[in-house]
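Notes follow once the structure below has been shown.
Bear in mind that the values in this text are calculations on the coordinates, not laboratory data. Predicted model, so just to flag it, every value in this text is computed and none were measured. Heads up, the Cβs are rebuilt from the backbone with ideal geometry, glycines too, and the neighbour counts pull from every protein chain shown.
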Amino acid sequence: MILSHLEIIAFKSIATASCDFAPKLNCFFGGNGMGKTNLLDAIHYLSMVRSHLNTIDRMAIRHGSSESILTADYQTDGPEEIDRIALRIRPDQGKLLSRNGRVYKRLSEHIGRYPLVIISPQDYKLIRGGSNERRAWLDRLLSQHDTLYLDQLIRYERALQQRNSLLKGDRSDPILLSIGEEQLAHFGVQIAQKRRQFVVDFIPTFNRIYQEICNSEEESISLHYITPTDNDPEIYMEHLRQQREVDQLSGHTAYGVHKDDLEMLLGENLMRKIGSEGQNKTYLTALKFTEYSLLAQRLQCRPILLLDDLFDKLDSERVERIIHIVSRPLFGQIFITDTNRKYLDDIIEAQNESFHLYAVRQGEISLQATSI
């Protein structure tokens with residue numbers, strides 16, 4: 001799968017843009033605040049129908065414009081097989097998404113059709129943010145790998161909302177609470193088991209990639225799944241029953257898989273407490289490269305890879321090793337931004353593949369060089 005063409009109208013700082021892309025490597029250089037991240041976010045919107053920055057849709061519309069329009073051509077099975085995706089982002093009417101002229105009834109039908117992985121400065125929230133950030137990332141990965149997981153998660157969230165509503169009532173019905181708690185226990189146990197096994201399967205590749213980037217036996221990292229829940233639904237329900245009185249006072253359910261977390265460790269300490277900026281960046285890069293590797297294996301394809309200011313905060317040795325990793329056949333089409341053109345030139349030389357090199361200035365995108 002290749003993103004061959006992109007057109008942008010009134011998206012954030014980009015007034016208009018029309019770009020043809022190389023099938024392997026596309027590099028964008030320019031100063032901070034020039035629009036490089038916005039370009040990658042446009043590509044993310046077309047794949048995931050939302051911003052990777054988690055901003056609301058109206059913030060994606062250029063100031064003074066009534067809507068943003070993103071259009072892209074994806075080359076799928078061959079040069080003649082082209083999907084045209086068009087997305088209109090409208091502040092008061094919701095998003096309108098079409099594929100080859102046919103409008104989607106549900107946006108969820110589109111997500112996953114054009115898979116991608118992005119590494120960006122926003123990933124620091126996984127380390128420094130709260131458990132909600134890490135849990136959401138884990139759930140997104142699991143949903144891509146397990147078709148039943150998302151349904152189980154939705155059912156759990158629905159049962160959780162129903163129990164919370166009952167807790168807030170003046171006179172909670174114990175029978176209805178028991179029914180809801182049985183559902184929470186049933187789906188909660190399944191969710192916890194799948195999360196636990198996924199992390200176990202994730203760790204070997206994650207450790208290998210981290211060690212390859214840092215090239216130091218002194219840096220050991222780990223990823224631990226933390227959950228208060230038990231694997232036995234009966235014990236799960238008993239915890240909920242014992243917690244009812246306290247939960248009624250607070251109006252929400254304090255026990256369950258919605259409280260799970262991931263511990264990101266450097267040695268025996270939390271990465272967010274002792275990790276340097278370079279170690280944090282290496283940890284996140286290894287995390288996302290592992291995400292890419294597992295997704296490619298699961299889908300039997302090469303997702304698009306978006307790398308936003310990847311080399312910031314990294315020393316030259318780690319940069320060199322990352323360049324070596326992304327030069328492998330595992331990775332398909334790559335879009336990479338940097339303020340330092342030298343790193344981009346190094347990647348182009350290491351790849352020895354087709355490339356397009358763009359300059360981004362004040363929201364204007366211009367082609368500077370291309371392979372012959």
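What the table below lists for this structure:
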item	result
Where the Cα pairs of region 187-279 fall when distances are cut into 5 Å bins, in %	2, 12, 18, 17, 14, 12, 10, 8, 5, 2, 0
Where labels lie 7 Å past Cα in the beta-carbon direction, separation of VAL246 and GLU320 in nm	5.4
Trypsin sites (Lys or Arg not before Pro) restricted to region 99-134 and DSSP loop, no more than 16 other C-beta within 10 Å	LYS105, ARG106, ARG113
Neighbour-limited loop hits for GluC sites (Glu not before Pro), region 73-176 (at most 16 other Cβ within 10 Å; DSSP other than H, G, I, E, B)	GLU80, GLU81
Extension gain (nm, one decimal) between ARG208 and ASP146, 0.36 nm per residue minus Cα-Cα	19.9 nm
Convex hull volume per residue in cubic angstrom - Cα atoms of region 38-182	183
Under-5 Å amide H pairs with GLU364, H placed in peptide plane, nonlocal only	none
Nearest-0.05 FRET efficiency for LEU53 and GLU217, computed from C-beta distance (R0 45 Å)	0.80
Among PRO204, PRO174, PRO115, residue whose mean-square fluctuation peaks in a GNM of the chain (springs only between Cα atoms under 10 Å)	PRO174
Table column - 3J(HN,Hα) (Hz), region 361-367, Karplus curve with 6.51, -1.76, 1.60, x for Gly and Pro	9, 6, x, 9, 10, 10, 6
Hits among aspartates and glutamates - C-alpha to C-alpha of LYS36 under 18 Å, sequence gap 8 or more where chains match	GLU7, ASP20, ASP123, ASP308, ASP309, ASP312, ASP338, ASP345, GLU364
Full-extension gain in nm, ALA254 to SER172, via 0.36 nm per residue minus C-alpha separation	27.8 nm
Three principal axis lengths of region 23-87 [C-alpha, angstrom, descending]	38, 27, 20
Equivalent ellipsoid semi-axes - Cα gyration tensor, region 81-132, angstrom	29, 16, 10
Region 199-211 - phi-based ³J(HN,Hα) in whole Hz, Karplus 6.51/-1.76/1.60, Gly and Pro as x	5, 4, 6, 6, 4, x, 5, 4, 4, 5, 5, 4, 5
Residue-by-residue Karplus 3J(HN,Hα) for region 262-270, coefficients 6.51, -1.76, 1.60, Hz, glycine and proline x	10, 8, 9, 10, 10, x, 9, 10, 5
Entries of LYS95/LYS168; LYS194/LYS288; LYS24/LYS281; LYS168/LYS194; LYS105/LYS194 with Cα pairs more than 26 Å apart	LYS95/LYS168; LYS168/LYS194; LYS105/LYS194
GLN333 long-range amide H proximity, modeled H, under 5 Å	LEU305
Paramagnetic reach from ASN32 in region 124-149 [backbone N under 19 Å; point 7 Å along Cα→Cβ]	124-125
Average Cα contact separation per residue, region 216-372, under 8 Å, 6 or more apart, as relative contact order %	16
